[in-house]
1. Output the residues belonging to the stretch 64-73 that are more than 18 Å from GLN193 (Cα to Cα) and surrounded by 12 or more Cβ atoms within 10 Å (Cβ to Cβ).
2. Only residues that are at pLDDT below 95 and assigned to a helix (DSSP H, G or I): list them for the stretch 111-127, please.
Amino acid sequence: MQEQPTTSTQATAGAHYAFKPSLIGAAHQFELTDAGLSWRLAGRSGVWPYTDISAIRLSYRPVTLQADRFRADIQHGRARITVVSTSWQTAALMASQNQGYRAFILELHQRMAAAGSKAALSGGLGPNLYAAGLTLVVLLAIGMAGLFVRALVTGEFSGALFLLAFAALFGWQIGGFLRRNRPLAYTFTDIPQRLLP
């Protein structure tokens with residue numbers, strides 16, 4: 001990794017982004033400069049030229065305190081930086097930074113394209129992880145359908161209603177997660193909107 005200082009004159013509007021990944025410690029700070037992606041995190045810093053960034057993976061990653069959370073994994077050789085659309089504020093509050101995150105990710109893609117980057121651009125979960133998640137959901141759906149039929153046959157209508165309500169909630173939560181995180185490859189001109197806030 002190259003260690004280069006950056007100056008404020010190199011930056012343009014919308015080219016800055018920062019978030020706190022935890023309550024303890026400093027914020028992770030990023031800046032898009034003429035030299036490349038400048039980053040500062042956990043006491044380390046550096047600049048990755050846009051043409052040296054080897055891959056970007058965008059995904060939708062909700063957590064308990066923030067259902068609307070997006071993530072970008074930026075890779076440079078074996079090194080990887082993770083950028084998320086939320087920031088810790090207090091022990092019970094994770095703030096959304098959707099507009100800043102979206103502007104930063106779009107600007108990063110634009111600058112990489114202008115520099116002639118050959119980075120691998122992908123979205124969603126990895127194919128193996130996605131297949132495992134889909135298999136688990138199908139198995140759970142089969143099991144719940146069996147329980148639902150059994151509840152109807154034995155006259156346990158309150159149990160059947162509970163299963164329907166649970167299936168609807170589960171389908172809404174997990175179905176939305178899997179739909180947004182379907183594996184895909186994209187281009188600089190066709191960034192998947194479902195993986196951006």
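The values are calculated or read from the model by the stated rules, or taken from the named source; none is laboratory data. Only a predicted model underlies this, so the values are computations on that prediction, with no experimental measurement involved. Quick reminder, even Gly has a Cβ in these numbers, built from the backbone with ideal geometry, and neighbours come from all protein chains shown.
1. Scanning the stretch 64-73 gives LEU65, GLN66.
2. PRO127
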